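To keep things clear, I will list the structure first and then write my remarks on it.
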Amino acid sequence: MFYLQGSQMLQVLENSLRKHLPETLKVYGTVFHMNQGNPFKLKALVDTWPDFNTVVIRPQEEDMQDDLDHYTNTYLIYSKDPENCQKFLSSSEVINWKQHLQIQSSQSSLDKVIKTLGAINLGKVKHTQCFLYMILETAKKLAPSLVDTNNLVRSSDKFKPINQELFKFTSLDVTHAALVNSIWHFGGNEKSQKFIERCIHTFPSFCIMGPEGIPVSWDLMDHTGELRMGGTLPQYRNQGLIYHVASHQIQTLNDLGFPMYSHVDRANFTMQRVVARLAQVPMPCTWNQWNYVPL
């Protein structure tokens, strides 16, 4: 196992991961922000260096003190040989299988190894798989071969212009975390709220402030560079507000040079419609999350 330290090693890793997009997307997005100051204080581990087969991005040990907090205890994995990375991932120095944790990857091919390790460690694994999209501007820059105009997700749906007298573009404050948490599909608990607070505090966030002076629609960015946790208050839905928030977010982050991507649940037809209107690029791989609970 090699712990990659210093900007030079991490830049080499970023360049290498870029060559293997889109399967590296979750890890690439994370390493990009590690090279922009590493605001989440993550660490990169590889099995060999410089010719690695498997890379794992994880928090520092001192940040993983709560054994029940799988929002913090999150691992991002990419492997060139997903069927034969079990030995590396079984090491307690790489993954702490005694904790509640989650693993995220753009490789569904890791499923067998992760479930095998879950069983070996006498735990339960739940796999969630979603559609994965890259923002068009990001795809043109990082993976132009994936931008096929015949395959581009488009829609003729029209969203009304925003009423700028009622709605104002702004950013979220950490005090808004409870509101975001209340309707986040993966949230709704105290630990998820702390994670949301950290994302709001650390990365750019975007929202539309309603006439009552509270956010009515929003979109955030997490530590992997993914556009996530978007939502609209129930009473303001079906007005296209999330489309306007996402458009504003994409333009702003693109101007900052950030790589951008997102996932959408297979059953979330509303967000699939928004993604189509934004002309995002569907990836040939999927968004995957494995939640592990030791028994």
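Pick out, from the range 134-246, the helices (runs of 4 or more DSSP H) lying fully within it that include 2 or more residues that are surrounded by fewer than 22 Cβ atoms within 10 Å (Cβ to Cβ) and at pLDDT below 95.
So the answer is 136-142.
Looking only at the range 264-284, decide whether some residue is among the acidic types (Asp, Glu) and either under 15 Å from the mean Cα position of the chain (by Cα) or crowded, with 17+ Cβ neighbours inside 10 Å (or both).
Taking the range 264-284 first, the residues among the acidic types (Asp, Glu) are 265.
From what is left, the residues that are either under 15 Å from the mean Cα position of the chain (by Cα) or crowded, with 17+ Cβ neighbours inside 10 Å (or both) are 265.
For the range 264-284, residues among the acidic types (Asp, Glu) and either under 15 Å from the mean Cα position of the chain (by Cα) or crowded, with 17+ Cβ neighbours inside 10 Å (or both): present.
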*Go over the candidates Pro22, Pro59, Pro39 one by one and state the one that is open to solvent by less than 70 Å² (accessible area, probe 1.4 Å) and either over 22 Å from Asn288 (Cα atoms) or without any contact (Cβ under 8 Å) to a residue 12 or more places away in the chain (or both).*
Pro39
*asked:* List the residue pairs whose Cβ atoms are under 6 Å apart, where the first residue sits in the range 278-295 and is in contact (Cβ under 8 Å) with a residue 12 or more places away in the chain, the second is buried (at least 19 other Cβ atoms within 10 Å of the Cβ) and among the aromatic types (Phe, Trp, Tyr), and the two are 6 or more positions apart or on different chains.
replied: Gln280/Tyr133; Pro282/Tyr133
*For Pro50: the one exception among (1) of a type outside the set (Ser, Thr, Tyr); (2) surrounded by fewer than 15 Cβ atoms within 10 Å (Cβ to Cβ); (3) in a helix (DSSP H, G or I)*: (3)
*Output yes when any residue across the range 27-35 is free of Cβ contacts under 8 Å to residues at least 40 places away in the same chain, under 16 Å from Thr224 (Cα atoms), open to solvent by 70 Å² or more (accessible area, probe 1.4 Å) and not aromatic (Phe, Trp, Tyr), and no when none is.*
no
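The values are calculated or read from the model by the stated rules, or taken from the named source; none is laboratory data. Values in this document were obtained by computation on a predicted structure and should not be read as measured data. Every residue, glycine among them, receives a Cβ derived from its backbone with ideal geometry; neighbour counts consider all protein chains shown. Each accessible area value is taken on the protein alone, full model and side chains, heavy atoms only, with ligands, DNA and RNA left out. Shrake-Rupley method; radii C 1.70, N 1.55, O 1.52, S 1.80 Å.
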